[in-house]
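Below you'll find the structure, written out as structure tokens, and then a few comments.
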Amino acid sequence: MYTQVNPNKEHAAQSSDKQRSHQDTRGSVSSFTDQRSEAIQMKKLQNSADNSLKSNKIAQLQGWGQSKPIQFVTYGPETVRTVTMTRAGGVTNSFEECTKNSVEYAQGEKKLSTGTDTDSPAKWDGWLKNQANANNATQLHVVNQRWGGKGGKAEKNIVPGSPSLNGHHKGPEGKFDECFGSDDKALMNCKYECTATPAYGTDVDVKSGDVLCADPTVSVTITKNGTPTTHPVAAGGGVKFKSA
């Protein structure tokens with residue numbers, strides 16, 4: 001049997017197939033382009049992370065070749081307490097005393113120039129005397145003025161004691177002076193710690209008469225390059241609280 005083919009229908013079918021093929025190709029290209037764009041973005045992120053890691057490693061390597069920077073001098077913190085004295089008739093006076101203070105230098109640091117002298121008269125003027133004479137009890141720097149120790153009434157670095165105790169304290173102070181060169185710079189890492197433990201409490205009753213007390217117990221620890229050495233300070237002549 002002979003079958004007649006309609007040329008118009010065949011042409012239409014071919015056109016339809018070509019259109020579908022073109023659409024499929026466009027879809028494939030579009031999909032490929034999207035995937036490629038995502039890959040490029042991922043590559044950029046990876047490169048950024050790699051560069052950051054390299055920068056950190058370079059900074060670390062550079063830091064290994066550098067010496068540790070000199071730190072600032074550490075002065076204090078100080079420990080203080082307030083002592084109140086009471087005479088007959090309820091008359092009172094108070095003073096603040098330092099019971100512990102320290103100063104620390106790193107090698108190469110220069111002595112502090114901020115130390116101050118004592119204020120006269122003392123806050124305990126007329127109330128606390130030396131046993132050996134009629135003078136007011138001596139104002140002792142817990143950390144010496146030469147290394148930045150303060151001396152004012154409100155500067156939290158003074159404790160009362162006898163002149164002889166002050167003289168005995170000069171021994172360990174001289175040991176710490178040896179930590180510095182002629183240019184006043186620390187020859188090593190060094191620290192000076194001083195504690196002063198008074199023989200009286202924070203409330204002293206002198207209504208019934210004078211009260212005699214020993215000097216505070218003073219002890220010094222000097223640390224050089226991490227090695228501490230303790231220096232006890234011999235007591236002096238003692239102090240006296242006056243009732244009038």
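Any read-out appearing in this document is the output of simple, stated calculations on the displayed coordinates, not a laboratory observation. Because the structure is a prediction, the values reported are computed rather than measured. Here the Cβ is made from the backbone with ideal geometry for all residues, glycine too, and neighbour counts use every protein chain on show.
The table below lists the values:
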| item | result |
| --- | --- |
| Where N is the number of residues in segment 74-241, Cα Rg divided by 2.2 N^0.38 Å | 1.08 |
| J(HN,Hα) series, segment 122-133, from Karplus relation 6.51 cos²θ - 1.76 cosθ + 1.60, nearest Hz, glycine and proline x | 5, 5, 9, 3, x, 10, 10, 10, 6, 5, 7, 8 |
| In Hz, Karplus ³J(HN,Hα) per residue of segment 163-168 (6.51, -1.76, 1.60; θ = phi - 60°; x = Gly, Pro) | x, 5, 5, 4, x, 5 |
| Burial ordering of S208, S102, S164, S219, fewest other beta-carbon atoms within 10 Å first | S208, S219, S164, S102 |
| Extended-chain gain in nm, criterion 0.36 nm per residue less alpha-carbon gap, D125 and N93 | 10.6 nm |
